[in-house]
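As C-alpha cells, the structure follows; a few thoughts come after it.
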Amino acid sequence: MVGFTTTIPLEVLVAAGRRPVDLNNIFITAPDPQALIEEAEIDGFPRNICAWIKGLYGAVVRHGIDEVIAVTEGDCSNTRALMEVLSLRGTATIPFSYPHDRSRQAIGRQIDQLAEYFAVTRAEMEDARDELDRVRAKVHEIDRLSWEENRVSGEENNFYQLCTSDMNGDVTAYEKQIDAFLEQARAREPRRDTLRLAYIGVPPIVDGLYGALEEMQARVVFNETQRQFSMPFACTDMEEQYLRYTYPYDIFTRLEDILREVAKRRVDGVIHYVQSFCFRQIEDLIVRRKLDVPVLTLEGDRPGPLDARGRIRLEGFVEMLKGRKA
C-alpha cells in the first residue's frame, strides 16, 4: 500500500503495481473516524488543527502504512508538518507539489520525480492512464445521469466520483462496481426535485447532508471537487491532465469551472462547504462575490451526523430558494 494525502498522479502507482490508498477515504469510512482523531491528539496534535489532518495521521498509524506521498503544495497548508511527524515515526514520505504558476515544465518534473521513485517509465504510465481513463469515463456517465437525466442522487454522485481518487485500491473491482451501478441507474425513472444545487469545496466530513437535502426536495447535481478527482477533461498527456485538474490551484482557476458548470446544470443555489481551521475558509469571500446564484456557507469540524444547526440552516436556505422560484 502507498497512502497519499490528496489526489496525486494515480497513473504512477498503477503502473508500479502498487495499491493506491487515499488516506482521506480510509479515514472518513472508518468504523469510528473520531477515534482516529483522538489517537492523533493523544500523540500530541493540537485540538485546534483541522480534523482531516489528524484523521490522516490516525489512518496511517492504524493501517500500518509505511509509505506516504504528501502533497506539500496545492493542498492543506499543514501537510508539511504532517509529513515531518510521520517521518519521525519511520514512515517513508515522498513529497509531491502542484506548481503555483501552473507551469507545464514544473508539473512535468514533479511527475517524473514520482515516476523515478517508483521505477516506472512514461510508456508504462500512459498505459495505466488508458486503463484509468476507461473507468473515469464511466464515472463521468454517472455524473451525466445525475444532472442531465436526473436518475442519480447527490450522494451517489458524490460517492462514485470521490472513489476515483484511488479507485478503491483495486481498479478492476471498482470498474465492476461501476458497471453494476450504471445498469441499475439507467433503468430508473427520472427524479422530480424542486431545486437543483451545487456543492463546492472539500468533500464533507459530516454524514447525512445529501439525504437531508433530498428530504427537502432539493438535490445536488454538481459536486465540484469530487468531479475533479475523476479528471473530467479530455487531455493529450499527463502534464495537461494535472494542470487542468483545478483543485490544487487558486480559487480563480476553480471558479472558471464552477461558473461554467453552475450555468450548464441549471443550478438554483450553491452550498459552499468549508472545514474548521482551514485556510480555504478565506476563499468564501471571493466565492460570494463571483457567483451570481445564492450561496450558503456551511462549516464542518469533526466527523459525525449532520447536526441540528446545520439542518436548520439548510432548511432555511432551501425555503428561500423555493420562494425565489415561486
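The values are calculated or read from the model by the stated rules, or taken from the named source; none is laboratory data. The structure displayed is predicted, hence computed values, not measured ones. Quick reminder, even Gly has a Cβ in these numbers, built from the backbone with ideal geometry, and neighbours come from all protein chains shown. Quick note on the areas: whole protein, heavy atoms, side chains included, nothing else; ligands and nucleic acids left out. Shrake-Rupley method; radii C 1.70, N 1.55, O 1.52, S 1.80 Å.
Quick notes
- Heavy atoms of the protein chains alone define the surface here; on that basis segment 209-326 has 43 Å² accessible area per residue at 1.4 Å probe size.
- Label point 7 Å beyond Cα of residue 134 along Cβ direction - residues of segment 1-33 with amide nitrogen under 16 Å: 11, 14-15
- Set of lysines with alpha-carbon distance to residue 138 below 21 Å, sequence-local pairs under 8 removed: 176, 264
- The amide H of residue 298, built 1.01 Å from its N in the peptide plane, has 272, 273, 274 as neighbours under 5 Å, considering only residues 5 or more places off or on other chains.
- Taking the inverse of the mean reciprocal distance over all distinct Cα pairs, the Kirkwood hydrodynamic radius of segment 99-233 comes to 16.5 Å.
- Rounded to the nearest 20 debye, dipole of the chain from Cβ charges on Lys, Arg, Asp, Glu: 1120
- Under Karplus coefficients 6.51, -1.76 and 1.60, residue-wise ³J(HN,Hα) of segment 70-84 in Hz, glycine/proline x: 10, 7, 8, 9, x, 8, 4, 5, 8, 5, 4, 5, 4, 4, 5
- Amide H contacts of residue 2 (H built 1.01 Å from N, in plane; Pro and chain starts excluded): 19, 21 sit under 5 Å, all sequence-distant by 5 or more or on other chains.
- Only helical runs count toward this figure. For the chain, summing -39,500 (n - 2.57) over DSSP H runs of n ≥ 4 and dividing by all residues gives -16000 deg cm²/dmol at 222 nm.
- Taking all protein chains together and rolling a 1.4 Å probe, residue 268 ends up with roughly 30 Å² accessible.
- Heavy atoms of residue 252 accessible to a 1.4 Å probe, total area in Å² rounded to 10: 110
- Per atom type, the chain shows carbon and sulfur on 50% of its accessible surface, probed at 1.4 Å.
- Tilt relative to the chain, helix 33-42 - C-alpha long axis, 0 to 90 degrees, to 10: 50
- Highest-MSF residue in the chain out of 293, 171, 68 [GNM, Cα springs under 10 Å]: 293
- For the chain, built as a Gaussian network whose Cα springs stay under 10 Å, the top-fluctuating residue of 242, 117, 199: 117
- Rg/Rg_globular for the chain, with Rg_globular taken as 2.2 N^0.38 Å and Rg from C-alpha atoms: 0.98
- Crossing angle, helix 122-147 versus the chain [Cα axis fit, 0-90 degrees, rounded to tens]: 10
- Computed from backbone phi with θ = phi - 60° and the Karplus coefficients 6.51, -1.76 and 1.60, the 3J(HN,Hα) list for segment 312-318 is 4, 5, 5, 4, x, 5, 4 Hz; x is used for glycine and proline.
- Principal-axis analysis of the Cα atoms of the chain puts helix 104-117 at an angle of about 60° to the longest axis.
- Phi to ³J(HN,Hα) by Karplus 6.51 cos²θ - 1.76 cosθ + 1.60 over segment 233-249, Hz, x for Gly, Pro: 9, 6, 10, 7, 7, 5, 4, 4, 4, 8, 8, 7, 5, 7, 3, x, 9
- For the chain, share of DSSP beta bridges that run antiparallel, in % to the nearest 5: 0
- Of the residues 272, 100, 140, 63, ranked by 1.4 Å probe accessible area with the largest first, the sequence reads 100, 63, 140, 272.
- Residues whose placed amide H lies under 5 Å from that of residue 304, excluding near-sequence neighbours: 207
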